[in-house]
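A short reminder: the numbers here are calculations on the coordinates, not readings from a lab. In this text the structure is predicted, and so the values were computed from the model without any measurement. Glycine gets a Cβ as well: all are built from the backbone with ideal geometry, and neighbour counts include every protein chain shown.
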Amino acid sequence: MRSVPPRARLLIVCAAFGAVGCVLPTFSQPTPWTAVVLLATLYAGCEQAVRCRFAGESAPQRLGAFFPVLLAGVFLLPPGAAGLIALPGALLAPVERRPAGPRRLWRAAQLSMACWAGATVYRALGGCTLLGAGAPAQPHFPHALLPAGAAALTFCLTLAALDGGILATAERVPLRTAWRDQLLRSLVPIAAHGLAGLMMAVLWRSPYGPVAALLVLLPMYISCWGFAQYHRERAAHQATIRALVQAVDIKDEYTRGHSERVGRAAELIARELGMPDERVEVLRFAGILHDVGKLGVPTRLLRKDGRLTPEERRVIELHPEYGHEMVRGIGFLGEARSAILHHHERLDGSGYPYGLVGRQIPEFARVVAVADAFDAMTSTRCYQRARPVEDAVAELKRCAGQQFDPRMVRALVRALDRHSWYPAVTADQPHRPHRPQDSGRNVPPSQRPSPRESATTDSATADSATSECPTSDNAAASDSAVRPSRPGAVR
């Protein structure tokens with residue numbers, strides 16, 4: 001326990017003594033030991049099931065999949081006995097992180113106290129009478145749901161309070177934040193587990209006996225297995241996207257971090273439009289991966305010093321099609337693939353690659369186009385300085401209806417009114433002295449370009465007084481400007 005902070009160590013010891021105090025009266029009172037042994041063995045066996053080879057890596061772990069067993073004990077047993085059934089399983093359960101001993105002791109103590117607290121509340125509200133006494137039992141529904149719900153809530157609150165305390169003492173998480181996060185995360189799952197535990201308790205006291213009660217665990221286990229599979233698949237998706245974005249950032253160092261910010265801006269627009277969470281996530285993926293086609297563009301063109309020739313520009317304008325080909329086989333991206341292909345289209349039909357007009361452009365592509373251009377104009381790089389957010393918004397409004405969808409622009413403006421957006425630096429710059437004439441801008445003094453560099457802006461940040469709307473910050477747009485041969489220098 002030397003690696004455990006002293007305050008956390010003290011909390012673990014106090015919890016262990018508290019658990020002992022909860023279960024100790026069991027040995028001096030009439031106790032249904034058969035039910036205690038069966039439930040304790042069942043819970044311990046379920047916790048060990050994640051180690052079985054037939055379950056493999058897909059077995060649900062640390063999802064509370066077997067809380068219905070504990071909650072069934074809460075509804076069936078006296079408080080001390082209910083606290084006792086959690087101890088063997090928790091003390092023998094697999095531990096993912098070290099130190100294993102203190103973690104097992106803490107888990108056993110908190111589950112024991114949570115079961116004791118839930119059973120105490122359940123009995124105080126007359127739950128045993130409403131569930132029915134003897135065998136076979138005659139439960140009184142729906143009245144039996146009230147004490148069962150109160151017991152499950154007490155179980156949840158006890159776990160959340162103890163988990164919040166250990167996070168605050170061991171990891172220095174603010175206590176209020178830790179309690180709130182733990183409660184919000186566990187409230188709904190434990191409510192579902194409470195219903196399953198109540199079903200187990202009813203079947204346990206029915207003419208069919210404990211064997212019938214075990215059948216409740218099978219659908220719970222399958223649902224938790226599916227939940228675990230979903231999270232593993234989601235983690236794999238995130239890893240795939242991170243790998244693609246890192247490859248783009250390495251290849252085009254001038255726009256490092258741009259993809260993540262476009263994804264964030266696209267998410268803000270989507271939420272403002274009232275899209276469901278599933279579409280919001282896919283749209284965020286679209287923003288993050290919109291420039292993945294740069295991997296198919298020669299690096300010498302992405303990093304070229306000076307203006308592009310018409311032939312070179314045509315090559316770079318192929319990057320949306322390259323990107324679409326790269327992600328076409330990734331099924332979870334869904335509508336994001338069309339956004340990657342069409343995010344350079346313009347409402348007036350002058351965009352690329354297909355010159356689509358108006359509503360012919362997919363909705364996701366219209367969102368990403370606005371997010372892309374906005375971040376391009378508010379990002380500081382070694383070859384351009386950022387515009388203030390207000391100027392970038394004004395430019396988007398000026399080009400709404402010609403290049404950008406006015407609905408998407410309005411959604412971004414509303415989102416920016418509620419959320420902060422800070423200009424970003426995506427490439428390193430040497431220190432430059434602060435000049436008084438730059439005061440009031442949103443660019444830090446160490447990142448403001450010299451007078452000569454001010455003239456070498458990206459086409460996405462061209463002066464708003466020009467008659468042409470800006471293009472978004474992709475290779476075909478940003479490389480049309482004169483890039484310096486090294487940070488801080490201008491050819």
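Taking the Cα centre of the stretch 252-333 as origin, work out the dipole magnitude from +1 charges on Lys and Arg Cβ and -1 charges on Asp and Glu Cβ, in debye rounded to 20.
So the magnitude is around 240 debye.
Sort Tyr208, Tyr322, Tyr122 by Cβ crowding within 10 Å, fewest neighbours at the top.
Result, fewest neighbours first: Tyr208, Tyr322, Tyr122.
Tell me, Trp116, Trp421 in order of fewest to most beta-carbon neighbours within 10 Å?
Placing the least packed residue first, the sequence is Trp421, Trp116.
What are the residues whose amide H is under 5 Å from the amide H of Ser206, where those residues sit 5 or more places off or on another chain and H is modelled from the backbone?
Sorted by chain and number, the residues that satisfy this are Ala137.
Tell me, in nm to one decimal, what length is gained between Ala235 and Arg98 on full extension, where the rule is 0.36 nm per residue of separation less the Cα-Cα distance?
47.0 nm
Which residues does the label zone of Arg300 cover in the stretch 307-323, counting backbone N under 20 Å from a point 7 Å along Cα→Cβ?
307-319
For His319, His231, which order do you get if you count the other beta carbons within 10 Å of each Cβ and list the fewest first?
Listed from fewest to most nearby Cβ atoms, that is His231, His319.
Given a Förster distance of 60 Å, report the FRET efficiency between Arg414 and Val13 from their Cβ-Cβ distance, rounded to the nearest 0.05.
In this case the efficiency is close to 0.70.
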